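Derivation of every value follows stated rules applied to the coordinates shown; laboratory data play no part. Since this is a predicted model, take the numbers as computed values, not measurements. Here the Cβ positions follow ideal geometry from the backbone for every residue, glycine too, while neighbour counts run over all protein chains shown.
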Amino acid sequence: MLVLLPPSEGKTPAPDGAAPVDLAALTSPVLTPQRERVLDALVAASAGEDAVDVLGVSPGLADEVRRNTGLRGAPAAPAAHVYTGVLYGAADLGGALATGGETARRATDDVRVVSGLWGVLSPADRVPAYRLSMGVALPGVGRLATAWRAHLGAALDERAAGDVVVDCRSATYAAAWRPRTTGDDAAQHVAVRVLREAGGKRSVVSHNAKHTRGVLTGHLVRRAGDVGSADDLAKAADELVGTDLLDATLHDDGRGRFTLELVVS
């Protein structure tokens, strides 16, 4: 399986004194030149008087934007600890890495964070805290989803081939790369959709969606048994019904693309 996550908006800085990011040591080193380009553009944009406008954030986040100017020397920590928020709190990928064995292997090898700055990361990759969304258009780079689209195939196409891709990303991040679902090396692409049931009616939710996708991710890296197909994923999600979920249903469009609907109360 290949689980795709968005980064969190909120990030926890690494402890002072920790070593800075080593771009060449990150997962998928084929992305290093593009990472250098985006990082340089972010540092330059963050030093400008209009930085908060360029990065599309509120003035209250000006300190976080200024922190971007020192990213090359800033302390770094595993992405599983830097990314915080509802999804990552529910998934507890940092705990999965610390567990060791198959659980740590899955968290390291089978989960990828799609990032506007780094392109794609393993939860074990060491990065500094930063402020940048995939929806931003950086001067000299352009809209990040478009800029990364030409590069992420080299990092993800082969990894996804013949596997099931569990897509927990928002639309902004999903636009940067989609797996091939036709041909000899086709992947099964499963978009995870979360609905809330109240008063007999179901509706799309946002906050609960992040939490529920995190619960699913944490379950997938910790449970016994492999997830190698959309049907395997549906069975794994069924294991959460009665605890974290009211229902889990897999929908197949017949063309290698699926939707896994998770229903919460």
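For the chain, a crude dipole built from +1 on the beta carbon of Lys and Arg and -1 on the beta carbon of Asp and Glu, taken about the Cα centre, is about 400 debye to the nearest 20. Restricting attention to the chain, close to 50% of DSSP beta bridges with both partner residues there are antiparallel. Taking 21 Å as the straight-line reach from the Cα of residue 235, the lysines in range (excluding those fewer than 8 positions away in the same chain) are 210. Relative to the Cα centre, the charge distribution of the stretch 218-259, modelled as +1 at Lys and Arg Cβ and -1 at Asp and Glu Cβ, gives a dipole magnitude of about 140 debye. When the chain is treated as a Gaussian network with alpha carbon springs shorter than 10 Å, the biggest mean-square fluctuation among 218, 116, 153 belongs to 153. A straight line joining the Cα centroids of the stretch 58-107 and the stretch 211-265 runs 24 Å.
Estimated from helices alone, the mean residue ellipticity of the chain at 222 nm is -10000 deg cm²/dmol (sum of -39500 (n - 2.57) over DSSP H runs with n ≥ 4, per residue). Each Cα pair under 8 Å and six or more residues apart adds its separation to the average, and for the chain the resulting relative contact order is 22 percent. Size check on the stretch 193-260: the Cα extents along the three principal axes, sorted descending, read 35, 30, 19 Å.
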